[in-house]
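A short worksheet on the structure shown next.
Every number here is computed from the coordinates shown, using simple stated rules; none is lab data. Just so we're clear, the structure is a prediction, and the values are computed from it rather than from any experiment. Positions of Cβ are backbone-derived with ideal geometry, glycine not excepted, and every protein chain shown enters the neighbour counts.
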Ligand code: SF4
């Protein structure tokens, strides 16, 4: 599981698409103001957290382990 991981959401980027909630409903939820929030990191295994983070259309989700950011397969130009 992924209890040792940390998930951060950049609220300046998040536009409330809900993709992360679709991929990892136990870990993400949408707040009333339309931002994604992290409810329980340990509810989703790491592979699925990755899919959720990589699937964010605006790259607002970052994964961290032991204080270091986990590299994602994002399209970087
Ligand atoms: S997928 Fe990204 S933009 Fe969409 S709600 Fe989640 S964090 Fe926000």
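How many of the residues in region 55-77 are more than 10 Å from the ligand (Cβ to nearest atom), out of contact with any strand residue (DSSP E or B) (no Cβ under 6 Å at 6 or more places or on another chain) and assigned to a loop (DSSP other than H, G, I, E, B)?
Residues flagged as more than 10 Å from the ligand (Cβ to nearest atom), out of contact with any strand residue (DSSP E or B) (no Cβ under 6 Å at 6 or more places or on another chain) and assigned to a loop (DSSP other than H, G, I, E, B) within region 55-77 amount to 9.
Search region 15-49 for residues being within 9 Å of the ligand (Cβ to nearest atom) and touching a residue at least 40 places away in the same chain (Cβ under 8 Å), and hand back the single one that is nearest to residue 73 (Cα to Cα).
Within region 15-49, the match that is nearest to residue 73 (Cα to Cα) is 20.
Looking at residue 14, is it within 9 Å of the chain's Cα centre (by Cα) and in a loop (DSSP other than H, G, I, E, B)?
Judged against the criteria, residue 14 is not a match.
Of (1) within 12 Å of the ligand (Cβ to nearest atom); (2) without any contact (Cβ under 8 Å) to a residue 40 or more places away in the chain; (3) assigned to a loop (DSSP other than H, G, I, E, B); (4) touching a helix residue (DSSP H, G or I) at 6+ places or on another chain (Cβ under 8 Å), residue 52 satisfies all except one. Which?
(3)
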